[in-house]
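A.B. asks: Take a look at this one; I'll ask things after.
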Amino acid sequence: MMKSLIPAVALVLATALGARADSLTVQLRGPALAESAGFLVAEARGFYAEEGLEVDLRPADDAPPFEALARGAADMAVAWMPPALVARENGLPLVNVAQIFSRPALRLTCRADAGVASAADLRGKTLGSWFGGTEYPLLAWVNRLGLKPDDSLEGVALLAQWPGAEMLRHKQTACISTLSYDPAEGAGLVRLDPQHQGVDLLEDGLYVLPQQLADPEARERLARFLRASMRGWHEAVARPEESARLLLGPDPDDGALRRQAGMLRGIAPLLSPSGALDEAAYRRTVAALRAGGAQAVLRHEPKDAFTKQISDLATPSETTASTGAKATRTP
């Protein structure tokens, strides 16, 4: 099973000798391995090498991924769209060049014994958030419900949550933030989906600074990365057990293996077909972040916050795909 997921040495060597390798440093987000699985599988299978790329995948750390861009430590970062747009509004000109997940995973998992059966019951409750930018879609949801995050009985309180579901078990919060592909388990829990109130904010996308888009060779390099990465992602979710073993290494813990494979199965329905940003989904994300008056997450309409150049380069046209010829589209 594992042998088919490991790139043939001869193929990698032939690729390296036959094409000039361009380097690219990419800051990942996490913390779970499955959240970066497509990139890691693309690296292990030699998809980046086939595209003539030498890719340095920087593991997630405690700082928001796009801070690596601001420091000049990465060429590209994987980040959720809400914190990226907030960072842009505050002076860091991030540009979305692709969207890995076309649907959001954020959920709230709540205690039924805290009186929460639906989103209408969140008034006066304490909600857990990871913060670090993940609070922005939660705030947009709270705004849509007509609540304020002011710690009052008429609003909600946001509390930094611990890993896992301990805060629910210890009844420190009524709800915690969770992800559809990594749910909290237990009796008496209610899962709420912000999409039911029209708050379907985009999450994992690829971001660069404008200078990465100024040079045609740089744009082509980004497109090759996107193309190889989407191959990796679709491979990862199509073969979750095999991919989980690859991520965890030899002799993985059975519990960790089941968790990572389960997360990959949960990611499958969220994945974009090609990495191209859906502009309607982008507009819904912006509208939700701008709603709420004085409590709005975004104060201004973003300008030039995304480009389709890279996904257009990465995806052959229908004519090209049908003939099998290499795409030559220019941005």
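Please treat every number below as a calculation from the coordinates, not as lab data. Note that the structure is predicted; figures quoted are calculated from it, not measured. As a convention, Cβ positions derive from the backbone with ideal geometry for all residues, glycine included, and neighbour counts pool all protein chains shown.
A.B. asks: Using alpha carbons only, how many angstrom separate the centre of the stretch 20-88 from the centre of the stretch 196-253?
C.D. replies: Centre-to-centre (Cα) distance: 8 Å.
A.B. asks: For residue 58, enumerate residues with amide H under 5 Å from its amide H, sequence gap 5+ or separate chain, H modeled in the peptide plane.
C.D. replies: 26, 27, 28
A.B. asks: Sum up the lysine pairs in the chain that clear both bars: alpha-carbon distance under 27 Å and a spacing of 8 or more or different chains.
C.D. replies: Details: 125/148; 125/171; 148/171; 308/326.
Eligible lysine pairs with Cα atoms under 27 Å apart amount to 4.
A.B. asks: Across the stretch 78-91, in residue order, what do the Karplus-derived ³J(HN,Hα) couplings come to in whole Hz, using 6.51 cos²θ - 1.76 cosθ + 1.60 with θ = phi - 60° and x for Gly and Pro?
C.D. replies: Listing the rounded values in order: 9, 8, 6, 5, x, x, 5, 5, 5, 4, 5, 5, 9, x Hz.
A.B. asks: If I fit a long axis through the Cα atoms of helix 9-18 and take the longest principal axis of the Cα atoms of the chain, what angle between them do I get, 0 to 90°, rounded to 10?
C.D. replies: 70 degrees
A.B. asks: Then there's this: So for the chain: antiparallel DSSP bridges make up what percent, rounded to the nearest 5? Present the calculation step by step, with values, prior to reporting the outcome.
C.D. replies: Working: 18 of 32 bridges.
If I count the DSSP bridges inside the chain, around 55 percent turn out antiparallel.
A.B. asks: Charges on Cβ only, +1 for Lys and Arg, -1 for Asp and Glu, centred on the Cα centroid of the chain; of 263, 143, 53, which one is farthest towards the dipole's positive end?
C.D. replies: 143
A.B. asks: Another question about this same structure. List the longest stretch of the chain that has no exposed loop site; here a site is one of the GluC sites (Glu not before Pro) assigned by DSSP to anything other than H, G, I, E or B, with at most 14 other Cβ within 10 Å. It would help to have the intermediate numbers written out before the result.
C.D. replies: Details: sites that count: 154, 185.
Of all site-free stretches, the longest is 1-153.
A.B. asks: Of all DSSP beta bridges located in the stretch 106-197, what percent are antiparallel, nearest 5?
C.D. replies: Details: 10 of 15 bridges.
Given both bridge residues lie in the stretch 106-197, the antiparallel proportion sits at roughly 65 percent.
A.B. asks: Amide H to amide H, which residues 5 or more places from residue 107 or on other chains are under 5 Å from it, using H placed in the peptide plane?
C.D. replies: Correct list: 178, 179, 180.
A.B. asks: For every helix of n ≥ 4 consecutive DSSP H residues, a contribution of -39,500 (n - 2.57) applies; sum these over the chain, divide by its total residues, and give [θ] at 222 nm rounded to the nearest 500 deg cm²/dmol.
C.D. replies: Numbers: 13 runs with 119 residues, N = 331.
Roughly -10000 deg cm²/dmol at 222 nm, from the helical runs in the chain.
A.B. asks: If you place +1 on the Cβ of every Lys and Arg and -1 on the Cβ of every Asp and Glu, how big does the dipole about the Cα centre of the chain come out, in debye to the nearest 20?
C.D. replies: Values: 35 positive and 40 negative charges, 105 e Å.
Result for the chain is approximately 500 debye, rounded to the nearest 20.
A.B. asks: Further question: So what J values fall out for the stretch 32-43 if you push phi through Karplus, 6.51 cos²θ - 1.76 cosθ + 1.60 with θ = phi - 60°, rounded to Hz, Gly and Pro as x?
C.D. replies: 5, 4, 4, 6, 10, 4, x, 5, 5, 5, 4, 5
A.B. asks: Near the amide H of residue 102, under 5 Å away, which other amide H atoms are found, from residues 5 or more places off or on another chain, if H is placed in the peptide plane?
C.D. replies: Under 5 Å from the amide H of residue 102: 271, 272.
A.B. asks: What does the convex hull of the Cα atoms come to per residue for the stretch 14-146, in Å³?
C.D. replies: Working: hull volume 18.1 nm³, N = 133.
It comes to 136 Å³ per residue, whole-number rounded.
A.B. asks: If you don't mind, another one. Quick one: angle between helix 135-144 and the longest Cα principal axis of the chain, in degrees between 0 and 90, rounded to 10, please.
C.D. replies: Its long axis makes an angle of about 50 degrees.
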